Amino acid sequence: MPNDFPDYLDVDYTDGEGENPEDYPSLEDKIEKAIDVTRKGLEEYENPAVMWTGGKDSTLTLYFIKEVAERYDLEVPPAVFIDHYQHFQEIHDFVEHWADEWDLEVIYARNEDVGGYVDEHGLEPGDDIEIGALSEHNQHHVRDLLEYEDDTFPFLLDTYVGNHLLKTVALNDALEEYDVDGVISGVRWDEQEARADETFFSPRHDPEIYPPHDRIQPILHFDEPAVWDAFWYFVVPDTVEDYP
């Protein structure tokens, strides 16, 4: 990442402050704003990447990126897929199929230290992982950052330690490795209370917590019905009809 990040950016970190989905009453209003945010993100950031889970929100965001990139002659950034070792095989198949169809570069963000332990011991979700058997990097996160004192933690995503190691650490390590300065994400205001105050360009600049970067959030102002409307109108004809 360039040393002058974020000084080279011309983005408004207050864009969307105090707003909610009702401020964009029609689907056309929402799409117009999504296009504007997406274009700004692709133009301003030197090494952007898009989060892709294979779900409807991130796939819709990826669709907007593809369309905006084609319309304005911009590069489609790589997609980051967090592989937490607990996906259904169908998710992997979907991501691999459409990455090939859409000519996408996919970065698989994995905590390979934890994954190696899981494979070596043949663990199933819920089984215990010994913290002392993990790398210094992972032990630092568990002991020093999370201040977790037990000797083991369950191999589960809905736990404090499991979610942090399998998703947060995996993502942060990938952002650092690929020098990503802008993460294009499909989060929305209406998903949970913690996201209600997010803005379209949201800074994550504290190096003590994560590799400094910004979150670019093109569908932040969509609500659940609007996501489904847009997904079925735009994405489904490109995917489901021809999906084997």
So what are the three principal axis dimensions of the range 155-219 from its Cα atoms, in whole Å, longest to shortest? 31, 28, 18
Taking Cα pairs under 8 Å and at least six residues apart, what relative contact order does the range 114-177 come out at, in percent? 32
Relative contact order for the range 12-118: what percent, with Cα pairs under 8 Å and sequence separation of 6 or more? 23
Going fewest to most other Cβ atoms within 10 Å around each Cβ, Trp52, Trp232 line up as Trp232, Trp52
Please identify the longest segment of the chain free of exposed GluC sites (Glu not before Pro), where exposed means a DSSP state other than H, G, I, E or B and no more than 13 other Cβ atoms within 10 Å. 150-207
Within the set Lys33/Lys66; Lys30/Lys56; Lys33/Lys167; Lys33/Lys56, which residue pairs have Cα atoms separated by over 21 Å? Lys33/Lys167
Positive-end extreme of charge dipole, the chain - chosen from Asn47, Thr159, Gly132 (charges on Cβ): Asn47
Please give the calculated 222 nm ellipticity per residue for the chain, where each DSSP H segment of at least 4 residues contributes -39500 (n - 2.57) and the sum is spread over every residue; nearest 500 deg cm²/dmol? -10000 deg cm²/dmol
Provide the percentage of antiparallel DSSP beta bridges, counting only those with both residues in the chain; round to the nearest 5. 35
Size of the dipole of the chain about the Cα centre, Lys and Arg at +1 and Asp and Glu at -1 on the beta carbon, nothing else charged, in debye to 20? 260
Net charge dipole size for the range 126-189 [Lys, Arg +1 and Asp, Glu -1 on Cβ; Debye, nearest 20]: 380
Find, to one decimal place in angstroms, the Kirkwood hydrodynamic radius of the range 114-177, where the mean of 1/r is taken over every pair of different Cα atoms and then inverted. 11.9
Once you have the Kirkwood Rh of the chain from its Cα pairs, apply Stokes-Einstein at 25 °C and 0.890 mPa s and quote D in µm²/s. 128
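Values in this text are rule-based calculations from the coordinates and carry no lab data. Worth saying up front: this structure is predicted, and the values here are computed from it rather than measured. All Cβ positions, even for glycine, are placed from backbone atoms using ideal geometry, and neighbour counts span all protein chains on display.
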